[in-house]
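Have a look at the structure below before the remarks.
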Amino acid sequence: MKRSPILAGLLSLIAPGLGQMYAGAWRRGLTLLVGLPVQAALFHAIGLHSLAYCLAPVYVWSIYDSIIAARGRCTSAVLPVLVILALNVIASLQVTQFHIPQLGPQQRGAMREIGGSILVPDLLTRTTAGRLTWSETVRTAARPMVETIYLALLGTGLSLPLAIPLSFLGARNLMSGSPILKTFYGITRGLFTVLRSVEVLVFALIAIAAVGVGPLAGVLALAVHGVGALGKLYSEAIESIEHGPIEAIRSTGANELQVVVYGVVPQVVPQFIAFTLYRWDINVRMATVIGMVGGGGIGALLFQEMQLYQWRQAAVAIWMIAGVVMLMDYASAVIRERIV
Amino acid sequence: MLRIENLIKVYPNGTRALNGVSLKIPTGQFVAVIGLSGSGKSTLMRCINRLIEPTSGRVFLDDVEITAATDLRPVRRRIGMIFQDFNLVRRSSVLTNVLCGRLGYRSSLASLFHLFPPEDYEDARACLARVGLSDKESQRADTLSGGQQQRVGIARALMQKPDVILADEPVASLDPATAHTVLDHLEQMNKRDGMTVVCNLHFLSLARRYSDRVVGLKAGEIVFDGGPHEIDDERFKQIYGQDAEQVEIA
C-alpha cells in the first residue's frame, strides 16, 4: 500500500509517532507516542520544566522520521536516543544535587587519618613483659566474627526446608502436566520473586521490630530472603535436567514421587550443593551489613567503632571480614569444582 | 495380544503424527517398525504405554484397555521400554538404574528411603549377569560405553518382568558390532522368554535379520505390513520415498 509522506508528517506533527504507525512502523510509532509524553511528564513532575522543552528536537526528528518511513525507508534512531539519555543524565545530576566536593584542609586531614588508620589496623600489642601478642581489639572482634559466620550458616540452613520442597513446585518441566500444576508453578515462582526482590536489609529491619535487636533477627532475615534466592536457583537446576531418564523411569510404572526420587534428585544434587555453598558465602557478606542495623555479629561491632571514630579498631573488623569472605569464596569455588 | 485400533495423534502444533494406525500383534511376535524419521514410529511406541496421550483410538494389552486405564502402573510395568539414548540416570550406579525397573511394583514410602527388598537386589544382579555386566554394578552409569549402557537399559526392562518390550531405535546410537549384541539380547528375550517385541529400526537389513514381521510407517499411516523378506525394491521406495537407496549394515 502506498503511504503519503505529507500525511505521515502531518500526523506526527499532531502527535509524535502517529505518522510512523500510519507508515507501518508500529513499534517505533508506539514507543514515540507513549514514550515522549511520559518523559515530558516526568521532567515536569520533578520540576525540571526546561528539560521537557529540550525534548523538542526529538519531536522534530519524529516528524522527519515519519516522512522517511512513509517513503518505505528507515532512519537511524541513535541520535534521538542519545539526546534523551543525555537529558536524563542532566536530570539525575539535578535531582541528586551531585557536585564534586570542595575539600578544605580539615577534610583532607580527616581523609588522611582514616585512610592511614585502615592501612594500619590495631592488630598487635605489647604486654607489660614486652612480648608481642594479639591486641584487645582482635580478641573482642573474634567472637562476633565467628558469630557472623554461624549466623550466615543458620540463615542458609533455615531456608533449605522451605526452598528445597518449593523448588520442585517451581520447576516448569515438572509442573506442566495440568492447569492446576501450572497454577502452583506460577504461585511458587511469584513467591520466589517477591522474597528475592525485597532487600535483606528490609527483612532485617522487620525482624528487629518483631524479635528485637540481635543475631536472631539477622538469621530470620537471611532465611526469608534465602528461600526466594535459593528456590529460584534450585528450580532452574531442576529445569535443566535431562528428560530422557525421567521418561524411562516413568515407563517402568513408577509413580510421580518415585520419578522425582530416582530420576530428578540424582541429577540435581551436585548443583543444589553448589548453590547452597554459594548462598552461604553471600550470606556472610550480607550478615555484616545486617549487623550494622542491629542484626548481630561483627557488623554491630564495626558500626560501634565507626561511631566512636576508632578507625584503627574498625579497620580490624574490616580486614577480618575481607579475609573470611576471601577464604569462603575460594573454598566454595574449590568444592563446587569438585562435585559438579 | 497387543491390539491397536485406529490410533490418531495430533500434536498441539497441528502435526498429525499418527493418522489412524491399527495393528494386531500376537503374543510372542517380533515386530520391526520401519520408516523415515518423523514417520510416527516413536509416537506410536509412546502412545502404547501412554507416555504420550493419543488424541483418539484405543490400545489393548490382552483384555486390558490401556487407553482407558486410570491407574497406569499395573499396565506400564508389563511393558518394558528401551531407548535410543539409553536414558539411564548418569550419576546413579548401574545397580540403582537396574533396580528402577522394579519401581512399578514398590510403594512410594519405601522408594522415598531407597528401600528395596532383598529379592529385588538378587533379581537385579541376575539381570545384570544376563547382559554380562556383573562386574559393573557399583560403577556410575556414565562411566560405561554406549553398548554397555544399552545393556543396562535392557536389564532395567528385564527387572519389570514384562510381557511386551518396546524398543525405540535401540541401536541407532551404536556401532554395527555392538548393535548385534544388543539385538541378540532382544531376540533371546523374544524366543526364550516369549516376550512380544516391538522394535523401531532404521536399517532394513536388521529388520530382515531379527523380525518375524515388518510394519512400514509413512506420514503416520501403515504403508506396509508383511514378512521381512516380502520387501522388494518397489515396496522399499513406497516406505522410504522414491529417491531412497538401501544401505546395508553387516
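The values are calculated or read from the model by the stated rules, or taken from the named source; none is laboratory data. Worth saying up front: this structure is predicted, and the values here are computed from it rather than measured. Cβ placement follows ideal geometry from the backbone for every residue including glycine, while neighbour counts extend to all protein chains displayed.
Looking only at the range A:117-131, filter to residues that are without any contact (Cβ under 8 Å) to a residue 40 or more places away in the chain and under 22 Å from residue A:318 (Cα atoms); which one of those is surrounded by the most Cβ atoms within 10 Å (Cβ to Cβ)? Working first, answer last.
Keep residues of the range A:117-131 that are without any contact (Cβ under 8 Å) to a residue 40 or more places away in the chain, which gives A:124-131.
Next, only the ones that are under 22 Å from residue A:318 (Cα atoms) stay: A:124-125.
Details: A:124: 11, A:125: 14.
Going through the qualifying residues, I end up with A:125.
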Can you pull out every residue in the range A:226-276 that is under 30 Å from residue B:161 (Cβ atoms) and aromatic (Phe, Trp, Tyr)? A:262
Count, please, the residues in the range B:74-108 that happen to be at the interface with another protein chain (Cβ under 9 Å from one of its Cβ atoms) and part of a helix (DSSP H, G or I). 13
Checked pairs for the range B:107-124, first of a type in the set (Gly, Ala, Ser), second assigned to a loop (DSSP other than H, G, I, E, B), C-beta under 7 Å and 6 or more apart or across chains, list as B:108/A:255
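Which one of B:147, B:38 is in the same structural domain as residue B:179 (by TED's automatic domain parsing), within 22 Å of the chain's Cα centre (by Cα), of a type outside the set (Ser, Thr, Tyr) and surrounded by fewer than 21 Cβ atoms within 10 Å (Cβ to Cβ)?
On the way: B:147 fails: in the same structural domain as residue B:179 (by TED's automatic domain parsing).
Of the residues listed, the single one that is in the same structural domain as residue B:179 (by TED's automatic domain parsing), within 22 Å of the chain's Cα centre (by Cα), of a type outside the set (Ser, Thr, Tyr) and surrounded by fewer than 21 Cβ atoms within 10 Å (Cβ to Cβ) is B:38.
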Failed item in (1) assigned to a helix (DSSP H, G or I); (2) touching a Phe, Trp or Tyr at 6+ places or on another chain (Cβ under 9 Å), with residue A:75 passing the rest: (1)
Just need a number here: residues in the range B:34-67 that are modelled with pLDDT of 95 or more, touching a Pro at 6+ places or on another chain (Cβ under 9 Å) and more than 23 Å from residue A:176 (Cβ to Cβ). 0
Filter the range A:158-176 for residues that are under 26 Å from residue A:289 (Cβ atoms) and free of Cβ contacts under 8 Å to residues at least 60 places away in the same chain and give the result. A:161
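Identify all residues within the range A:79-116 that are under 20 Å from residue A:315 (Cα atoms) and over 32 Å from the mean Cα position of the chain (by Cα); write none if there are none. Working first, answer last.
Of the residues in the range A:79-116, the ones under 20 Å from residue A:315 (Cα atoms) are A:107-116.
Correct list: A:107, A:108, A:109, A:110, A:112, A:113, A:116.
Looking only at the range A:220-270, which residues are acidic (Asp, Glu) and either assigned to a helix (DSSP H, G or I) or within 7 Å of another protein chain (Cβ to nearest Cβ) (or both)? I'd like the intermediate steps shown before the answer.
Applying the first criterion (acidic (Asp, Glu)) to the range A:220-270 yields A:236, A:239, A:242, A:247, A:256.
Once the filter is applied, which keeps residues that are acidic (Asp, Glu) and either assigned to a helix (DSSP H, G or I) or within 7 Å of another protein chain (Cβ to nearest Cβ) (or both), the range A:220-270 yields A:236, A:239, A:247, A:256.
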Would you mind stating whether residue A:274 is within 8 Å of chain B (Cβ to nearest Cβ) and among the hydrophobic types (A, V, I, L, M, F, W, C)? no
Would the range A:304-322 turn up any residue that is modelled with pLDDT under 90, among the charged types (D, E, K, R) and in the same structural domain as residue A:173 (by TED's automatic domain parsing)? yes
Among (1) in contact with a Ser or Thr (Cβ under 7 Å, 6 or more places away or on another chain); (2) within 14 Å of chain A (Cβ to nearest Cβ); (3) touching a residue at least 40 places away in the same chain (Cβ under 8 Å); (4) not small (Gly, Ala, Ser), there is one condition residue B:51 misses while meeting the rest; what is its number? (3)
Looking at (1) under 16 Å from the mean Cα position of the chain (by Cα); (2) loosely packed, with under 15 Cβ neighbours inside 10 Å; (3) of a type in the set (A, V, I, L, M, F, W, C), which is the one condition that is false for residue B:219? (1)
Output for the range B:35-91, where each listed residue is closer than 17 Å to residue B:165 by Cα and polar (S, T, N, Q): B:42, B:43, B:49, B:84, B:87
Would you please name the residue that is surrounded by the fewest Cβ atoms within 10 Å (Cβ to Cβ), looking only at residues in the range B:168-192 that are within 14 Å of chain A (Cβ to nearest Cβ) and within 20 Å of residue B:94 (Cβ to Cβ)? B:173
Unmet criterion (only one of (1) under 18 Å from the mean Cα position of the chain (by Cα); (2) among the hydrophobic types (A, V, I, L, M, F, W, C); (3) not in a helix (DSSP H, G or I)) for residue A:284: (3)
Pair list, Cβ < 7 Å and 6+ apart or interchain, from the range A:282-299 residues that are touching a residue at least 60 places away in the same chain (Cβ under 8 Å) and not assigned by TED's automatic domain parsing to the domain that holds residue A:156 to residues that are buried (at least 21 other Cβ atoms within 10 Å of the Cβ) and part of a helix (DSSP H, G or I): none
Within the range B:109-125, restricting to residues that are surrounded by 15 or more Cβ atoms within 10 Å (Cβ to Cβ) and not polar (S, T, N, Q), the one that is nearest to the other protein chains (Cβ to nearest Cβ) is B:116
Where the second residue is at pLDDT below 95 and of a type in the set (Asp, Glu) and the first is closer than 26 Å to residue A:245 by Cβ and not assigned by TED's automatic domain parsing to the domain that holds residue B:168 and lies in the range B:59-80, which pairs have Cβ atoms under 6 Å and are six or more apart or on separate chains? none
For the range B:132-167, which residues satisfy the criterion of being of a type in the set (S, T, N, Q) and away from every other protein chain (no Cβ under 11 Å)? B:134, B:138, B:139, B:143, B:145, B:148, B:149, B:150
